[in-house]
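Report on the structure given below.
The values are calculated or read from the model by the stated rules, or taken from the named source; none is laboratory data. Because the structure is a prediction, the values reported are computed rather than measured. Glycine gets a Cβ as well: all are built from the backbone with ideal geometry, and neighbour counts include every protein chain shown. Areas reflect the complete protein model, heavy atoms only, side chains present, ligands, DNA and RNA absent. Shrake-Rupley method; radii C 1.70, N 1.55, O 1.52, S 1.80 Å.
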Amino acid sequence: MFHEYREEISQLKIKNAHFEKIFAEHNELDQKIINAEKGIEPATDLEIEQMKKMKLKLKDEVYAMIMEYRKNNQ
């Protein structure tokens, strides 16, 4: 996710505990969705949809924090 912002992500993970938490949560959800869609982990369609919505919300929050960091560290 956001490979073009690797440096910013690295810095934010070091400097901002909240960023690190939501970034990890996003990645965990991504893996859960993949596992559910492959049938590795049981989940209903509704549960998968809810996980996807939460993942998107977290991704939006991560992106906003990256953009704020870039603005303040140019």
Exercise. Given the options Glu41, Glu61, Glu20, state which has the largest fluctuation in a GNM of the chain using a 10 Å cut-off (strictly under) for Cα springs.
Key: Glu41
Quiz item: Taking a probe of 1.4 Å, how large is the accessible area per residue of region 22-72, in Å²?
Solution: 69
Practice problem: Would you mind telling me the share, in percent, of accessible area of the chain contributed by carbon and sulfur at probe 1.4 angstrom? | Solution: 50
Quiz item: So what is the calculated 222 nm ellipticity per residue for the chain, using -39500 (n - 2.57) for each DSSP H run with n of 4 or more, over all residues, to the nearest 500 deg cm²/dmol?
Solution: -27500 deg cm²/dmol
Quiz item: Which distance in nm do the two modelled labels at Tyr63 and His18 give, with both placed 7 Å along the Cα-to-Cβ direction?
Solution: 1.9
Practice problem: Report the charge-dipole magnitude of the chain in Debye, nearest 20, computed about the Cα centre from +1 at each Lys and Arg Cβ and -1 at each Asp and Glu Cβ. | Solution: 260
Practice problem: Output the DSSP H helices from the chain with an along-axis C-alpha extent of no less than 15 Å and a mean Kyte-Doolittle hydropathy no less than 0.0. | Solution: none
Self-check item: Whole-number percent relative contact order across the chain, with pairs defined as alpha carbons under 8 Å at least 6 apart
Solution: 39
